[in-house]
1. Does the range 57-81 hold any residues that are outside any loop (DSSP other than H, G, I, E, B) and either within 14 Å of the ligand (Cβ to nearest atom) or within 10 Å of Val40 (Cα to Cα) (or both), and which are they?
2. Any chance you could count how many residues in the range 1-31 are at pLDDT below 95 and either surrounded by 14 or more Cβ atoms within 10 Å (Cβ to Cβ) or assigned to a loop (DSSP other than H, G, I, E, B) (or both)?
3. Going through Thr73, Thr130 one at a time, which residue ends up being over 17 Å from Leu173 (Cβ atoms) and β-branched (Val, Ile, Thr)?
4. Out of the residues in the range 47-56 that are open to solvent by 80 Å² or more (accessible area, probe 1.4 Å) and not in a loop (DSSP other than H, G, I, E, B), which is nearest to the ligand (Cβ to nearest atom)?
5. Spot the failing condition for Ala90; the list is (1) within 22 Å of Pro175 (Cβ to Cβ); (2) away from the ligand (no atom under 15 Å from the Cβ); (3) in a loop (DSSP other than H, G, I, E, B), and only one is missed.
6. Across the range 146-172, what is the total count of residues that are small (Gly, Ala, Ser), open to solvent by 30 Å² or more (accessible area, probe 1.4 Å) and not in a helix (DSSP H, G or I)?
7. Output the qualifying pairs, or none if there are none: Cβ atoms under 9 angstrom, residues six or more apart or on different chains, first residue in the range 63-81 and among the charged types (D, E, K, R), second residue within 8 Å of the ligand (Cβ to nearest atom).
8. Of the residues Arg139, Arg84, Arg108, only one is of a type in the set (Lys, Arg), farther than 30 Å from Arg30 by Cα and either modelled with pLDDT under 90 or surrounded by fewer than 23 Cβ atoms within 10 Å (Cβ to Cβ) (or both); which?
Amino acid sequence: MCHNLLQDPAFFRFLSRIDAELAAEARRCRCPHCAGPLHVADYPRKPRGCPVAVRAEYAHRLSFTCGWCETRTTPASVRFLGRRVYVALALMLVSPQGGIAARAVADRLAVSPRTLSRWRTWWRHIFPTTPFWRSARARFLSPVASERLPESLWARFGAPTCPERMAQILVFLSPLGSTTMGA
Ligand SMILES: [Zn+2]
């Protein structure tokens, strides 16, 4: 997988634009509970794993509250997976089972061994049990090896370039960070 994307501000900005579209779509659909209007109520973030050049634009997780029932709606995101401080891209690249490139990324991002072990547990044991994965895996023609996640996803997306393929996977995983499919 393309580890140098972690140092590519242009790729991070591209992901920000996708998140903006996902948020705009959620807002157009209004509150899932009462169909009320959604107002911006972003969560502040201190993101880890992103280049300094984009840290300011990654300092917020896009979110809304309903103007009528005050319920929060957090749209899907290609930048953040749930409440983790590290960006989703880091979770994709660092989690693989101990390859040299993955270890180098973990070192550079100063991911602690404890965090690393938590992420691996999540990919191997928690992610496969999420409602998201239970319904999404049916879309693949042959079974995806859950013991080799997230690498086993890599071969399932066909975009020709590394950034495009990574974006496809992050879009695929993006519902995990939303309030409706939260991991
Ligand atoms: Zn509402």
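1. If the condition is that a residue be outside any loop (DSSP other than H, G, I, E, B) and either within 14 Å of the ligand (Cβ to nearest atom) or within 10 Å of Val40 (Cα to Cα) (or both), then Phe64, Thr65, Cys66, Arg72, Thr73 are the ones that fit.
2. Going through the range 1-31 one residue at a time, the tally reaches 5.
3. Exactly one residue qualifies, and that residue is Thr73.
4. Within the range 47-56, the subset open to solvent by 80 Å² or more (accessible area, probe 1.4 Å) is 48, 52, 55-56.
Next cut, not in a loop (DSSP other than H, G, I, E, B) only: 48, 52.
On the way: Arg48: 33, Val52: 38 Å.
Here the answer is Arg48.
5. (3)
6. Number satisfying all stated conditions: 2.
7. Final answer for the pair search is Glu70/Gly36; Arg72/Cys66.
8. Numbers: Arg139 fails: farther than 30 Å from Arg30 by Cα; Arg84 fails: farther than 30 Å from Arg30 by Cα.
Just one listed residue meets the conditions, Arg108.
The values are calculated or read from the model by the stated rules, or taken from the named source; none is laboratory data. Nothing here was measured: the structure is a model prediction, and the numbers come from that model. Heads up, the Cβs are rebuilt from the backbone with ideal geometry, glycines too, and the neighbour counts pull from every protein chain shown. When the accessible area is computed, the model is the full protein with side chains, heavy atoms only, and any ligands, DNA or RNA have been set aside. Shrake-Rupley method; radii C 1.70, N 1.55, O 1.52, S 1.80 Å.
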